[in-house]
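Written below as C-alpha cells is the structure these notes are about.
The values are calculated or read from the model by the stated rules, or taken from the named source; none is laboratory data. Note that the structure is a prediction, hence the values are computed from the model and not measured. Cβ sites come from the backbone with ideal geometry, for glycine too, and all protein chains shown count toward neighbours.
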Amino acid sequence: MQIPNVAIIGRPNVGKSSLLNAIAGRRVSIVEPTAGVTRDRVSVLFDWRGRCLEFVDTGGMGLVDEEQLKAHVARQCEVAMEQADLILFLFDAKEGISPMDQFVAQKVRKIKKPVLLVANKVESRKDEFQCLEGTKLGFGVPLEISAKEGLGISDLCDAILEKIPEQKEGETLEEGIKLGILGKRNSGKSTLVNLLAGKERVIVSDLPGTTRDSVDVPFEREGRRWIAIDTAGLRKKSRVQDAIEFFSLARSERSVRRSDVILLLFDLSLDISQVDKKLSGFILQNYKPCIIVANKVDLVEGDPDLERWEAYLRQELPGLSFAPISFISALEQDNIDETLNLAAELYEQAGKRVTTGELNKVLQEARQKHAPHSKGKQPKLFYATQVDVFPPTILVFVNEPKMFTGQYDRYLQNRLREAFGWEEIPIRLVYKRREKVELPPA
C-alpha cells in the first residue's frame, strides 16, 4: 500500500497519544499521566481532504524504563522515523524546551526527513508566547495545537498535506480483513505480527506484558490485504496491577469486537489456563469466527500428537467446538500461510447470505426430525429470515422464545451450519414472539 506515513515523535508525556486520538476521532492509544505508557508503534489510517494518511504514534524517546525495554522502545522510534514520509516533532508548550527535547532533536536531524515542529498544549496566551521557544530546536516556527482540546488539528492536517509527497497511485482506505490476535501473556502474539508484517513492527521481549496498546499492522499476503491487531496479553483480573494495564485490557476487548476473524493463540508447551477459557468465552459472546492456534510447536520435543491435542482442546474449550485448530511456529514460520488461508475462508463463511426460502426449508426439515419439547404450552416454530452477516444472524419467529433456548437452539444452529457451509463459524439465532403464520407442512 502506497500510503504516506506520518510519524509522531517526541519525549515522554508531550501528548503524542492524545494527538493520534484527536486525529482519529477515537481512543486508539492509551493516554495516562505515567511516562512511557506507549511502547510499540500504534498506527491509524485517516482520510483528510481526499488523501489517505497513516499516522504512527511512538514511545517517548529517552525513556528510562524500569522493565528494561528502553532499547526496544528506542528502536521502534528509529524505525518509525526511517519509514516516515514526514515527522511530526511534538513538544510541550507549557513546559518549554527541555534537555530531553534537545536530545530528540539530535535524533531527528540524523534521519534527514521532512519535519513539522508542533507545539502541543497551547491553551492560553502564556502558552502561545512560550511555544516560540521551540524555534531554538532548528525546525522553524512551531505549529500551535492542543490535542486535548482539539484545537488546531485541522490546520495541522492541512500543513501535513503541504509537506508530504504528491498523491501516489494506489492510495486507498481499503483496509482488508481485520485479524485479531488474542492470547494470554507471552503466547507469541507479537512474534507472529512481526512475521506477518515482514519487519519488527511491535516489541518482542521475554518480559510478559510488553504490549500495552492494541496495535494495528497492515500487511499483504498473496495479493490479499489484512490488518493484524496485536492485543495486550491478558491475565486474571485479580492480577491487574494499575490503570495502564486496566486500559490495555479494555482496549484488547474492544479490538476483539472490531475484528473480523480471531486467532486465539496459546503456548503448546503449556496447558490451557483459565485465562484461555475466559478469552474463548469473550469470543463467543461477540460471535467472532475463530481459529484456535497452538503456537511454539518448535518447543515440543519430537512430533506432537495432533489428534491427542485436538481432543484435549475440544475438551477444555467446548464452546469453540466449531472453531478449526491450527498448529504453528511463529518463530520458525511454520504453517503461517495455511492459517491465513483458513482465516480468509472463515471470513467468507461469515459474510455468506442465504435466501428466506432456503432457510425455511432447512428449518422445516429440522422441526420434522426433532421438535422442541415443553410441558404445557406447545412450542411452535413459524418462519425465519437472515437479517445480517458477520456473523450470520437469523431472526426466527416462534410462539414462545423461552422454549427455544439451550439444547434446541444448539440443535438448530448445527442444522443450519451443515446446510449452508457455516460449519466453522458462530451463527446467531434471535427468537421473536409471533402468534400466527406457521410454516406449511412439507
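Of all residues in the range 232-267, those satisfying the criterion of being of a type in the set (A, V, I, L, M, F, W, C), at pLDDT below 90 and in contact with a helix residue (DSSP H, G or I) (Cβ under 8 Å, 6 or more places away or on another chain) are ALA232, LEU234, VAL240, LEU249, VAL256. Scanning the range 22-43 for residues that are over 12 Å from ILE8 (Cα atoms) and modelled with pLDDT of 60 or more, we see that the one that is surrounded by the most Cβ atoms within 10 Å (Cβ to Cβ) is ALA22.
A Cβ distance below 6 Å, combined with a sequence gap of six or more or placement on separate chains, defines the contacts here; from the range 372-384, residues that are assigned by TED's automatic domain parsing to the domain that holds ARG415 and of a type outside the set (S, T, N, Q) reach residues that are part of a strand (DSSP E or B) and crowded, with 19+ Cβ neighbours inside 10 Å in the pairs LEU381/VAL398; PHE382/PHE397; TYR383/PHE397; ALA384/ILE394; ALA384/VAL396.
Among the conditions (1) closer than 14 Å to LEU151 by Cβ; (2) surrounded by fewer than 16 Cβ atoms within 10 Å (Cβ to Cβ), the only one that VAL118 does not satisfy is (2). Do we find that GLU78 is over 23 Å from ASN5 (Cβ atoms) and surrounded by fewer than 22 Cβ atoms within 10 Å (Cβ to Cβ) in this structure? Against the criterion (over 23 Å from ASN5 (Cβ atoms) and surrounded by fewer than 22 Cβ atoms within 10 Å (Cβ to Cβ)), GLU78 does not qualify.
Exactly one residue out of THR191, THR210, THR172 is among the polar types (S, T, N, Q), in contact with a strand residue (DSSP E or B) (Cβ under 9 Å, 6 or more places away or on another chain) and modelled with pLDDT under 70: that is THR172. Taken over the range 250-304, the criterion of being within 14 Å of the chain's Cα centre (by Cα) and of a type in the set (Gly, Ala, Ser) is satisfied by ALA250, SER252, SER255, SER259. The set of residues in the range 287-336 being more than 18 Å from ARG417 (Cβ to Cβ) and of a type in the set (S, T, N, Q) consists of ASN295, GLN315, SER326, SER329, GLN333, ASN335.
Look at (1) over 23 Å from ASN414 (Cβ atoms); (2) within 20 Å of the chain's Cα centre (by Cα); (3) hydrophobic (A, V, I, L, M, F, W, C) and you find that LEU331 fails only one, number (2). Looking at this structure, is VAL122 touching a strand residue (DSSP E or B) at 6+ places or on another chain (Cβ under 9 Å), under 23 Å from ASN21 (Cα atoms), among the aliphatic types (A, V, I, L, M) and assigned to a loop (DSSP other than H, G, I, E, B)? Here the answer is yes, as VAL122 does meet what is asked.
In the range 44-65, of all residues being surrounded by 19 or more Cβ atoms within 10 Å (Cβ to Cβ) and assigned to a loop (DSSP other than H, G, I, E, B), the one that is modelled with the lowest pLDDT corresponds to LEU63.
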